[in-house]
Every structure is written in structure tokens, then in C-alpha cells.
1. Would you mind stating whether TRP103 is part of a loop (DSSP other than H, G, I, E, B), at negative phi and either modelled with pLDDT under 75 or within 18 Å of the chain's Cα centre (by Cα) (or both)?
2. For the range 116-161, give me each residue that is at pLDDT 80 or above, under 23 Å from the mean Cα position of the chain (by Cα) and not in a loop (DSSP other than H, G, I, E, B).
3. If you take the residues of the range 67-105 that are among the basic types (Lys, Arg) and surrounded by 11 or more Cβ atoms within 10 Å (Cβ to Cβ), which of them is nearest to LEU139 (Cα to Cα)?
4. Pick from LEU58, LEU99, LEU45, LEU40: which is hydrophobic (A, V, I, L, M, F, W, C) and closer than 19 Å to ASP157 by Cα?
5. Report yes if some residue within the range 99-110 is more than 14 Å from VAL63 (Cβ to Cβ) and in contact with a Gly (Cβ under 9 Å, 6 or more places away or on another chain); otherwise report no.
Amino acid sequence: MSVSQCHLLLRRRRKAAPAGFTLIEILLVIVIILLLAGALVVFVLPQQKGAEKNTTRLMLQQVGTALDTYRLNLGHYPTEQEGGLEALLKKPSFENERLGEKWNGPYLKPGTTLDDPWNNKIRYELADRAAEGEKAGALPYKLFSVGPDGQPDTDDDIKLAAESTDSPGNTK
């Protein structure tokens, strides 16, 4: 058998072999893809939950700063009659015209939503200073998110709290 005959036999065998993947090869690729997807879910999902909480903390700090700026301009924090947190975005109607002239808003960027990542409204309540006994360093308002469960006064609530140095902006 000559070399040219050997090449001819090899070409015939190659042409006779079917092109494509076997069922086992396809199943092996599917299993590998599923394992990678499972690992991705295990590592990424906890990171997303942490990111949502950090985003909420940053949002509360931003709203807290806007509330403080509002107070500096008008001499008080927004009341329910003024629209609460909405008074940071659009000018409320004031009975006292001179007070309305002091409003220098909006105090938050236009288009800012006052919802947390779980689509719950950010909660704002003016604190009753007499009932709380004028705690040292306490904020004159409560600003918080009800967290992922949507229920107030649970462990997953995210609150804006005063720092131990009596300056607002720290979160728990």
C-alpha cells in the first residue's frame, strides 16, 4: 500500500464520520452551564440584597441633608400640612407669604423618587420632643424605610439616626 492510497483511505473515513455533536457532549455542556448559573445565583443574590440596603441608607442620608437645608431656609422642618417630604421637591402653599419667599427648593434633584428599592415610601415623622424627653443628639424627626418586608417596626427597618457626636447623618 502506497502513501497516496493511505491518504485516500483516511479521506474516505473522514467523510464517512458524521459531523456534529453527540448527545452526551450536548448534555455535558448543558450540565456545565447549569452549574455556572447556580453558582452565579448563590454568589450574586446576597450581594444584591446588601446593595439595596446600602442604597436605602444613602437615600436616607440625602433626604436628611435636604431636610436640614429646608430647616435652615425656613426655620422649621416640613410639616404634614406642608406636604411632608414632598415639600422638598415642590414648593408648598404657605399661609405666610414671607415664609414662602424663603423656600429655595427643590432640595432634592428633580426626578428623585421618595421610594426605597422595595417600592415602599420613605417614612418621615416629626418627633414629639416633649414626649421623648429631649434626648441629647436625637434628631427632631424620624426618617426610615420599612425595609424588604414592608412592615414598620421590624428588624429589617433601615433608619436614619444621629451620630454620637450630635451630628445628623449616621444610619443604623
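The values are calculated or read from the model by the stated rules, or taken from the named source; none is laboratory data. Computed from a predicted model, the values in this text were never measured in an experiment. Heads up, the Cβs are rebuilt from the backbone with ideal geometry, glycines too, and the neighbour counts pull from every protein chain shown.
1. Judged against the criteria, TRP103 is not a match.
2. LYS121, ARG123, TYR124, GLU125, TYR141, LYS142, LEU143, PHE144, SER145, ILE158, LYS159, LEU160
3. Among those residues, the one meeting the criterion is ARG71.
4. Working: LEU99 fails: closer than 19 Å to ASP157 by Cα; LEU45 fails: closer than 19 Å to ASP157 by Cα; LEU40 fails: closer than 19 Å to ASP157 by Cα.
Being hydrophobic (A, V, I, L, M, F, W, C) and closer than 19 Å to ASP157 by Cα holds for just one of LEU58, LEU99, LEU45, LEU40, which is LEU58.
5. Yes, the range 99-110 has at least one match.
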